[in-house]
Amino acid sequence: EVQLQASGGGLVQSGGSLRLSCVASGFTFDEIAIGWFRQAPGKEREGVSCIRSSSDGRTYYSESTKGRFTMWSDNANDAVFLQMNSLKPEDTAVYYCGADSRLFGGSGCNPLEFGSWGPGTLVTVSS
């Protein structure tokens, strides 16, 4: 059974840091596209960071997070992480881990393309 479990959300002040974790099961981990997505109240879900081709090291970052957020994988433990630095109030959202074996080797970070999702973890950044 395909499962994704995200954790690490919480409350942090503006300018602070937080690290999210996602553990995947039911996949051949090195043959999937996997990423982080977020959804703020009243807004569409958006891609934050995605790994679509591990062999080429291609990692996508949204324009608003590039330079502040870093995503990496721990293949030995079937896990990915998102280090979030210099957090802003506009980063407040529910963060989701998404994956799809069909998207391996592709590009971009469009949440509409991903078919497997885990429960979200709430990140709240106070001003």
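According to the square roots a ≥ b ≥ c of the eigenvalues of the Cα gyration tensor, what is the shape class of segment 62-127, taking rounded for a/c under 1.5, prolate for a/b larger than b/c otherwise, and oblate for the remainder? Prolate shape, in that a/c is at least 1.5 and a/b is the bigger ratio. Only Cα pairs under 8 Å and 6+ residues apart enter the sum, and on that basis the relative contact order of segment 17-127 stands at 33 percent. Charged side chains reduced to their Cβ positions (Lys and Arg at +1, Asp and Glu at -1) give the chain a dipole of some 380 debye around its Cα centre. Overall size of segment 1-53 from C-alpha positions, given as principal axis extents largest first: 37, 22, 22 Å. Amide H to amide H distances under 5 Å link Ser116 with Ala99, where only residues 5 or more positions off or on other chains count and H is placed in the peptide plane. Residues in segment 9-21 carry Karplus couplings, in order, of x, x, 9, 9, 7, 3, x, x, 10, 8, 10, 9, 10 Hz; the curve used is 6.51 cos²θ - 1.76 cosθ + 1.60 with θ = phi - 60°, and Gly or Pro positions show x. Among Leu103, Gly67, Gln5, whose Cα lies farthest out toward the positive end of the dipole of the chain, if unit charges sit on the beta carbon of Lys, Arg (+1) and Asp, Glu (-1)? Most positive-ward Cα: Gly67.
Taking a sphere under 15 Å around the Cβ of Ser17 and counting the other residues whose Cβ falls inside, with K and R at +1 and D and E at -1, yields a net charge of +2. About its Cα centre, segment 40-93 has a charge dipole of approximately 120 debye under the convention of +1 per Lys or Arg Cβ and -1 per Asp or Glu Cβ, with nothing else charged. If R0 is 25 Å, what FRET efficiency do you get for Ser127 and Ser7 from their C-beta distance, rounded to 0.05? Here the calculated transfer efficiency is 0.50. For the chain, the Kirkwood estimate of hydrodynamic radius, built from reciprocal distances between every pair of different alpha carbons, is 14.3 Å.
Coordinate-derived values only; no laboratory data. The structure presented is a predicted model; accordingly, all values stated were derived computationally and were not measured. All Cβ positions, even for glycine, are placed from backbone atoms using ideal geometry, and neighbour counts span all protein chains on display.
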